[in-house]
1. How many residues, within the stretch 279-302, are within 23 Å of PRO190 (Cα to Cα) and either free of Cβ contacts under 8 Å to residues at least 60 places away in the same chain or aromatic (Phe, Trp, Tyr) (or both)?
2. Pull up the stretch 418-445, narrow it to residues that are part of a loop (DSSP other than H, G, I, E, B) and farther than 21 Å from HIS114 by Cβ, then point me to the one that is most open to solvent (accessible area, probe 1.4 Å).
3. Would you call VAL182 in the same structural domain as LEU439 (by the TED database), modelled with pLDDT under 85, among the β-branched types (Val, Ile, Thr) and closer than 26 Å to GLY423 by Cα?
4. Can you find even one residue in the stretch 359-367 that is at pLDDT 95 or above, open to solvent by less than 70 Å² (accessible area, probe 1.4 Å) and either part of a strand (DSSP E or B) or of a type in the set (D, E, K, R) (or both)?
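The values are calculated or read from the model by the stated rules, or taken from the named source; none is laboratory data. Being a predicted model, the structure only gives us computed values, none of them experimental. Neighbour counts are summed over all protein chains in view; Cβ atoms, including those assigned to glycine, are modelled from backbone coordinates with ideal geometry. What goes into the accessible areas is simple: the full protein's heavy atoms, side chains included, and nothing from ligands, DNA or RNA. Shrake-Rupley method; radii C 1.70, N 1.55, O 1.52, S 1.80 Å.
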Amino acid sequence: EDPSSSSSMQNSVAPELPGFYYDPEKNRYFRLLPGHNNHNPLTKDSIQHKAMECKRLRLLEEEEKQKQKTTRAGLNSSVLLQKRQLGLLSSTSYCRLVHELKVNCMQRKKIEIHSPDSSVAGTNNFKIIVADVACERIFTVNDVEHGGCKYGIINLSGLGKESLTVEMYDNLYFTNRKVNSVCWASLTHPDSHLCLMGIAETPGCASLLPASLFSSTNPGDRPGMLCSFKISTAWSCAWCLNPQADNCFSTGLTRRVLVTNVVTGHRQTFGTSSDVLAQQFATQTPVLYNGCRSGEIFSIDVRQRNRKGQSWKATRLFHGSAVTSIHLMEAEHYLMAADMAGKIKLWDLRTAKCVKQYKGHHNEYALLPLHVNEEEGLLIAVGQDCYTRIWSLQDAHLLRTIPSPHPSSKDAIPSVVFSSRLGGSRGVPGLLMAVKQDLYHFSYN
């Protein structure tokens, strides 16, 4: 056999043969038999997991060695500055490319977590972290061993120092319920409350909790839950900031959308043909965008009365798989959406056409969020393979792929927050990553 063809076989993906697996290191096939090796059974899943773990460890090692990275040929700080001085780059393009350089030079640092209750810190796995608008606080949802979830708020004011301060308490209202979705709500003042969509078994539960509940003040002074009601299986939630639908939040349920005014108690129900997995309100108009399991994305003007049929649906877009996350861009002419086929698309709402696709995301069944930072021109998404990927919003170029510090598994998918002001207006820029019981900061300096 030609040696060149043998080496090319090693470097390419070998054809799959029923009952066999291919070992790229030994460049040969091995038979898969039931009970062939009881101490180390060979299965496709175990082989794939081993290959993924080897790749993750290799990437982590490369990240430690390579402090300075570039994703575009010839892109470095000195070249950018020279082009800017010569007038070859606009200030907008210069800032965007500088952000790209900084993103590729971020270094991981583990954050030490403190808590007033020593039994809280580092005892439960992070499931969700969600930052408020100012990125001063992060609401955390942690899985607990006996089932259900525990909630807390992390104060980011100590991020620039040696450690973070975390104030976390056992959930007072959900006893054995999981949380599918969380969003910050601005009822009495910006980010004063939290909408929680909890589910153990049908029926689920929707709750609105005061953020002040998670503080070190006297427990007797804490306000109680503003509202809580049982619903069918809940998938998503969104809070409306438009004054024409003030004090309203939406809940995405099984085959319907429920819009609730938390002050008056008035509810509107909109029937859908599929489960609503993702939601976001527009701010310029009282319009709610919904992403469905069927792949459909549609909008609802919540000022109109519910009518029979589907006539209340306005903008309609279609993905080939279940839509897991949507993000309305600041000007509200474009909408970003991700689905369970791993596709991320940017839609022009005026023409109802896809204008860009961001490739490389991995998803098959999970409800994974998108994180868009328009100010710095970045898109961040964590895949089901536990890799955090960062794209350029402008040209959909994949800038960086960050491996997880922990081995990949279904219960170890990182939850991330990205901001240029972590900790408030004078905060530090960077990426926060929560995995298992650990919290990491990727410095953006």
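1. Restricting attention to the stretch 279-302, the residues satisfying the condition of being within 23 Å of PRO190 (Cα to Cα) are 279-289, 302.
Checking which are either free of Cβ contacts under 8 Å to residues at least 60 places away in the same chain or aromatic (Phe, Trp, Tyr) (or both) leaves us with 279-289.
Total meeting the criteria: 11.
2. Residues of the stretch 418-445 part of a loop (DSSP other than H, G, I, E, B): 423-427, 436-437, 444-445.
In the following step, the residues that additionally are farther than 21 Å from HIS114 by Cβ were identified as 425-426, 444-445.
On the way: SER425: 105, ARG426: 228, TYR444: 6, ASN445: 136 Å².
So the residue we want is ARG426.
3. Values: in the same structural domain as LEU439 (by the TED database): yes; modelled with pLDDT under 85: no; among the β-branched types (Val, Ile, Thr): yes; closer than 26 Å to GLY423 by Cα: yes.
No, not satisfied.
4. no
Results for (1) open to solvent by less than 10 Å² (accessible area, probe 1.4 Å); (2) among the hydrophobic types (A, V, I, L, M, F, W, C); (3) under 29 Å from LYS353 (Cβ atoms); (4) modelled with pLDDT under 85, shown as yes or no for each residue.
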residue: ARG222; (1), (2), (3), (4): no, no, no, yes
residue: MET225; (1), (2), (3), (4): no, yes, no, yes
residue: SER236; (1), (2), (3), (4): yes, no, yes, no
residue: ARG307; (1), (2), (3), (4): no, no, yes, yes
